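All remarks here apply to the structure that follows.
The values are calculated or read from the model by the stated rules, or taken from the named source; none is laboratory data. Remember, predicted model here, so these are calculated numbers, not experimental data. Cβ placement follows ideal geometry from the backbone for every residue including glycine, while neighbour counts extend to all protein chains displayed.
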Amino acid sequence: MTNPHGSAQAATPATHSLYDVFLRVAADGSFTAAAQALGYTQSAVSRQVQSLEDELGSVLFDRLARGVRLTEAGRVLVPHAEAVRDRLAAARAELSALRTLDGGLLRVGAFATADAALLPRALAAFRRRHPGVTLARTEGPSVKHLALLAAGELDIAVVSSTAGRALDGCALRHLLDEPMLVALPREHPMAGRERLRLAELADEEWVAGSTRPEDTLMRPVLEAGFRPRTTLVVRDWIAKQGFVAAGLGVTLLPALAAESVRADIVLVPLHPDDAPRRAVYAATPHGRADSPAVAAFLAELREAAGRISPSGRP
């Protein structure tokens, strides 16, 4: 490394701010002593002090035969320079904490069924490894989280392909293709089956999440030509379980929710040829480099996603 004159030095002027150099000279009363303390040449220190004087339009030191002495302007500057030095030191510490994951804030969002198992597993692992990072979580549909990412109000979110074209505005990392399971009342004649074909469910009454099945988990089966008899619309996935348990119909539930189902319903996988799947992604703001915290959390999401059963069974 070199100083402003090109000679080798232990540190460069960029290591210390002009205010650090000023305070060192003020404390030592000498350019030479300050240069030795800072690891600079005497001429480098003199030039930096001159640069600060030029910037402020004030002479800060009287140059004496032996050393230097603060002028009135220099004495006025001292407390302000100390404040600048302290703030810069605090900023360096915070930036270091961000790099090393010893501090900072990570804002995470996820859709409802991802909150059942995928996100908690990733959050727990992340917290164990990086307890100094503060975690803030939001919940809601994927479209909401995509809007928050675009507005800079989230750092990373777990979203699904049901968000449609809204996904285009974010950087996506594929986590898994989530199978759908058929939720049946425990007493249903087909509750003990290993798997089902959609054709066998053609006469069942279905509980859907919307009056427009194409906007729900049913969309893939609609595209495959299946037309469910939708008799009830229930938006909340936990509430859907209650309706199924009461014998009011059957419904599709995503595999991410399989570990959280109530005891009085049964989940049966669909035949591979019929099984609708939805893609689940980790989304980050488009065009923004991943922070160390985002990169670390993404690794935990991938690890947690790898433990989701591909068969969809709990």
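Computed values, structure above
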item: Residues that are surrounded by fewer than 20 Cβ atoms within 10 Å (Cβ to Cβ), closer than 21 Å to Ile308 by Cα and not aliphatic (A, V, I, L, M), drawn from segment 141-177; result: Pro141, Ser161, Arg173, His174, Asp177
item: Residue within segment 183-199 that is modelled with pLDDT under 90, out of contact with any Asp or Glu (no Cβ under 6 Å at 6 or more places or on another chain) and within 20 Å of Asp273 (Cβ to Cβ) present; result: yes
item: Residue in segment 35-44 that is closer than 18 Å to Val84 by Cβ and without any contact (Cβ under 8 Å) to a residue 24 or more places away in the chain present; result: no
item: The one condition in (1) over 29 Å from the mean Cα position of the chain (by Cα); (2) part of a helix (DSSP H, G or I) that Phe226 fails to fulfil; result: (2)
item: Qualifying residue in segment 210-218 (condition: outside any loop (DSSP other than H, G, I, E, B), crowded, with 21+ Cβ neighbours inside 10 Å, modelled with pLDDT under 90 and aliphatic (A, V, I, L, M)); result: no
item: Segment 60-82 residues that are without any contact (Cβ under 8 Å) to a residue 40 or more places away in the chain, paired with ones that are basic (Lys, Arg) and surrounded by fewer than 16 Cβ atoms within 10 Å (Cβ to Cβ) (beta carbon under 7 Å, 6 or more apart); result: Phe61/Arg69; Asp62/Arg69
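For every residue, the table says whether it meets (1) small (Gly, Ala, Ser); (2) modelled with pLDDT under 95.
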| residue | (1), (2) |
| --- | --- |
| Thr41 | no, yes |
| Leu64 | no, yes |
| Ala91 | yes, yes |
| Leu95 | no, yes |
| Arg107 | no, no |
| Ala114 | yes, yes |
| Leu123 | no, no |
| Gly132 | yes, yes |
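Each row is one residue, and each column tells you yes or no for (1) under 25 Å from the mean Cα position of the chain (by Cα); (2) more than 30 Å from Ala150 (Cα to Cα).
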site	(1), (2)
Ala245	no, yes
Ser260	yes, yes
Ala263	no, yes
Val266	no, yes
His271	no, yes
Arg278	yes, no
Tyr281	yes, no
Gly287	yes, no
Ala295	yes, no
